[in-house]
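Quick note: the coordinates plus some simple rules give every number you see, no bench work behind them. Fair warning: this is a prediction, and the values are worked out from it, not measured in the lab. Note that we place each Cβ from the backbone using ideal geometry, even for glycine, and neighbour counts take in every protein chain shown.
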Amino acid sequence: MIDHRDLVSAAAANLTAWHDANLRAHGLATAVDDGVWHTPDAAPVIYFSAIRIAPRGSAAVMVDGTSRTAFVAACDPWSDLDLAPRGFQPDGDHPWMVRPGDGPWTRPAAPAGLEIEPVVDARGLDEFERTAERGFGMPAQGAGTWHDPRILLDHRMQAWIGRVERRPVAVSMSYVSDGVVGVYGVATEPDARGRGYGSAMTWQAIAADPMLPSVLQPSELAISMYERIGFRPFARFRHWRRNPR
């Protein structure tokens with residue numbers, strides 16, 4: 001098991017790798033400067049525009065290396081930078097959770113009627129996004145707004161759709177890098193909740209490499225579900241935002 005200090009670094013590196021791969025698939029520029037990953041371009045709303053990837057990461061890069069004309073979200077895994085004097089607003093300290101991957105495990109059976117299939121092409125990715133939008137309660141976007149189909153060429157990323165009677169009801173994805181499995185985008189459509197679909201989709205993401213620790217950044221409402229699966233808090237990360245000028 002990775003120790004606590006290294007786990008924060010590994011989780012931050014995985015989060016960064018997932019962001020970098022997705023934004024580059026969109027054709028956006030990214031860079032790493034002074035312990036901070038960042039993009040100067042306008043990123044889709046689900047992404048951070050800057051992530052501190054080392055304890056020495058520079059606040060100046062998080063400010064100056066990101067767009068001034070678009071909404072910017074920034075992540076500080078060590079939660080000790082103060083970006084308020086630099087024009088950012090705090091958006092809370094949020095939990096980071098881990099499920100150890102240090103031994104044999106038995107994956108529970110999926111709920112009756114749920115069939116989980118991988119996303120393998122642009123059509124499937126569009127269906128994935130439509131389901132995620134409804135699950136997260138976000139406005140409908142154009143095809144490829146969140147995930148460009150070119151991301152499917154990255155073998156580190158896997159995405160799944162859960163169906164009941166052919167209808168998509170839940171989604172999840174994983175990104176394997178830096179010694180951890182990053183679990184992302186777990187969402188269930190509102191009228192399909194309470195049936196174990198979210199848990200099943202999380203198990204599917206963990207299965208990308210069950211011998212590695214799995215890490216995720218849960219919503220407050222989902223924490224109890226992840227605790228039942230075996231996830232436990234290991235850190236909190238500070239979220240900052242800046243509106244365009």
**Asked** region 124-143 to region 19-71: how many Å between their Cα centroids?
**Response** 24
**Item:** Calculated diffusion of region 51-102, Stokes-Einstein form, Kirkwood radius summed over Cα pairs, 4 °C and 1.567 mPa s, µm²/s
**Value:** 103
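When only Cα pairs under 8 Å and 6 or more residues apart are kept, what is the percent relative contact order across region 114-233? Walk me through the numbers before you get to the answer.
Details: 190 pairs, mean separation 28.1, N = 120.
23 percent.
Compute the Rg/Rh shape ratio of the chain: radius of gyration over Kirkwood radius, all on alpha-carbon atoms.
0.95
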**Fill in**
Ordered by fewest other Cβ atoms within 10 Å, a rough proxy for footprinting exposure, MET211, MET173 read MET211, MET173
**Message:** If I build a Gaussian network model for the chain, linking alpha-carbon pairs within less than 10 angstrom, which residue out of HIS38, HIS147, HIS155 has the largest mean-square fluctuation?
**Reply:** HIS155
**Prompt:** So, by mean Cβ neighbours within 10 angstrom, what's the order for 106-117, 132-143 with the highest one leading?
**Reply:** 132-143, 106-117
**Paired Rg and Dmax values of region 114-233, which use every Cα atom, in angstrom** = 13.5, 37
**Asked** Dimensions of region 14-81 along principal axes (Cα, Å, largest first)?
**Response** 30, 26, 19
**Asked** Can you give the convex hull volume per residue for the Cα atoms of region 148-212, as a whole number of Å³?
**Response** 93
